Amino acid sequence: MDKTTYLRTKLALFISIISIGLLLSCSKDDNNNPDPDPIVEPLNDNSLPSAAILNIGVVEKTDDHVKFRMDLAVFRDSKNVEDNLKATNFIIDSLSIHGYTSLFNNDYTQLVNGSNTGDYAALMLLDQSGSISGTDPENYRLDAAKIFCSNLGTNNLVGLWSFAYSNYKQLVDFTTDTSKIIQEIEKLRDQEGGSTPLYKSQYEGVTYAKDKASKPNKAVLTFTDGEDTEYGLSAEDVVNHAKNQGVKLYNIGLGDVSSESLLKQAVATNGGFMYAKDARQLISIFGNLGKLLTNTAIYYQTEWTIKSKGNDKIFSGQGEIAHELKITFPYGGEITVPFSFDYE
């Protein structure tokens, strides 16, 4: 064997040894790092994913930072709660506060099981004001409300009111007969018009739920796309009344709604706030509402720290943070969830 052939043989042997080593290394790494969780695709039910904020509030505050907690359930489609998300799926972009750029750091994200609170009596309060014809031209809210009724458990009760112009209408008293509710929901199609007596309707709905509901778990579910136009009562009046009567507020906002007041109402009464930028999200919201009412939905508990890049004293005193949480999904797409809270 000449020298050139000898060198070529040794080189080939060396390459073979390296290749075997790499294969063994890859095999070892595969054993130590199992395949990622399978991606569960949403149902083809014309819905879009959505989320519900169940609680939000400050847990720590200094002059240079604010730490807050936000609990939220995420809905994959009209039947399923999303439980396949990681911390990296929750994103809050930077925010300008008093002219200084502030960054949000996700300190932790964990999945939590709810504790069953039992049967409920829920009054659906549907906004039929004139603007609805523009924000929900396909009447997704009505289809979604019917889905909620179809998912009603055997021992639960549901009632139906609508509101528009300067008053509310009592359409169906609390019942287990969902067919009656669905018939009345269908009659609301293409019947929008007038202003938005939101707080008046909520206030009287709370009174009705307290007086007429035979279940200890009482709730008013308000859907609206606008702000109150009557000005007789405030959002705080409704909250105080609901807390005194032991009624939870679950608020669903569509489009350019005043999310801050709806969120504060929900959190103050241990209810939930849901936001739909696209009306098709109403289908996944209403489809999973029953799980929120019984507190059987799995939800994410997240904690965040806000810190300014340029001013160490930016959070001295009191103020409000109003921003958006972005949620991305393993199967593609994303949603935005508006949130707000006060600090002092």
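Go over the candidates Leu7, Leu24, Leu103 one by one and state the one that is at pLDDT 90 or above and open to solvent by 80 Å² or more (accessible area, probe 1.4 Å). Outline the logic, then answer.
Numbers: Leu7 fails: at pLDDT 90 or above; Leu24 fails: at pLDDT 90 or above.
After ruling out the rest, the residue left standing is Leu103.
For region 56-63, indicate whether the set of residues that are touching a helix residue (DSSP H, G or I) at 6+ places or on another chain (Cβ under 9 Å), surrounded by 15 or more Cβ atoms within 10 Å (Cβ to Cβ) and closer than 26 Å to Asn295 by Cα is non-empty. Full working, then the answer.
In the first step, residues of region 56-63 are kept if they are touching a helix residue (DSSP H, G or I) at 6+ places or on another chain (Cβ under 9 Å); the result is 56-57.
Now narrow it down to the ones that are surrounded by 15 or more Cβ atoms within 10 Å (Cβ to Cβ): 56.
In the following step, the residues that additionally are closer than 26 Å to Asn295 by Cα were identified as 56.
Yes, region 56-63 contains at least one residue that is touching a helix residue (DSSP H, G or I) at 6+ places or on another chain (Cβ under 9 Å), surrounded by 15 or more Cβ atoms within 10 Å (Cβ to Cβ) and closer than 26 Å to Asn295 by Cα.
Which residues, counting only those in region 185-209, are among the charged types (D, E, K, R) and either open to solvent by 50 Å² or more (accessible area, probe 1.4 Å) or within 20 Å of Thr175 (Cα to Cα) (or both)?
Glu186, Lys187, Arg189, Asp190, Lys200, Glu204
Which of the strands (runs of 3 or more DSSP E) found entirely inside region 148-263 contain at least 3 residues meeting this: acidic (Asp, Glu)?
Working: elements: 157-164, 167-175, 217-224, 247-254.
Answer list for region 148-263: none.
I'm checking my understanding of the structure. Among residues of region 114-130 that are small (Gly, Ala, Ser) and part of a loop (DSSP other than H, G, I, E, B), which one is surrounded by the most Cβ atoms within 10 Å (Cβ to Cβ)?
Initially, region 114-130 is screened for residues small (Gly, Ala, Ser), giving 114-115, 118, 121-122, 129-130.
With the extra rule that they be part of a loop (DSSP other than H, G, I, E, B), the set shrinks to 114-115, 118, 129-130.
On the way: Gly114: 16, Ser115: 8, Gly118: 12, Ser129: 22, Gly130: 14.
If we take residues in region 114-130 being small (Gly, Ala, Ser) and part of a loop (DSSP other than H, G, I, E, B), then Ser129 is surrounded by the most Cβ atoms within 10 Å (Cβ to Cβ).
Name every residue in region 165-183 that is open to solvent by 40 Å² or more (accessible area, probe 1.4 Å) and over 27 Å from the mean Cα position of the chain (by Cα), in order of residue number.
Matches in region 165-183: Tyr165, Ser166, Asn167, Lys169, Gln170, Leu171, Asp173, Asp177, Ser179, Lys180, Gln183.
Taking the residues in region 259-312 that are of a type in the set (Ser, Thr, Tyr) and out of contact with any Lys or Arg (no Cβ under 9 Å at 6 or more places or on another chain) as candidates, determine which candidate is surrounded by the fewest Cβ atoms within 10 Å (Cβ to Cβ). Reasoning before the result, please.
Keep residues of region 259-312 that are of a type in the set (Ser, Thr, Tyr), which gives 259, 261, 269, 275, 284, 294, 296, 299-300, 302, 305, 308.
From the residues that got through so far, the ones that are out of contact with any Lys or Arg (no Cβ under 9 Å at 6 or more places or on another chain) too are 259, 261, 275, 294, 296, 299-300, 308.
Working: Ser259: 19, Ser261: 22, Tyr275: 25, Thr294: 18, Thr296: 14, Tyr299: 26, Tyr300: 22, Ser308: 23.
It comes out as Thr296.
Would you check which residues across region 138-154 are touching a strand residue (DSSP E or B) at 6+ places or on another chain (Cβ under 9 Å) and either surrounded by fewer than 18 Cβ atoms within 10 Å (Cβ to Cβ) or on the phi > 0 side of the Ramachandran plot (or both) and list them? Walk me through how you get there before you give the answer.
The initial filter retains those residues of region 138-154 that are touching a strand residue (DSSP E or B) at 6+ places or on another chain (Cβ under 9 Å), namely 140-142, 144-145, 148-149, 152-153.
The one that is touching a strand residue (DSSP E or B) at 6+ places or on another chain (Cβ under 9 Å) and either surrounded by fewer than 18 Cβ atoms within 10 Å (Cβ to Cβ) or on the phi > 0 side of the Ramachandran plot (or both): Gly153.
The values are calculated or read from the model by the stated rules, or taken from the named source; none is laboratory data. Here the structure is a predicted model, which is why all the values come from computation and not from measurement. Glycine also receives a Cβ, built like all others from the backbone with ideal geometry; neighbour counts cover every protein chain displayed. Note: accessible area is taken over every heavy atom of the protein model, side chains too, but ligands, DNA and RNA are not part of it. Shrake-Rupley method; radii C 1.70, N 1.55, O 1.52, S 1.80 Å.
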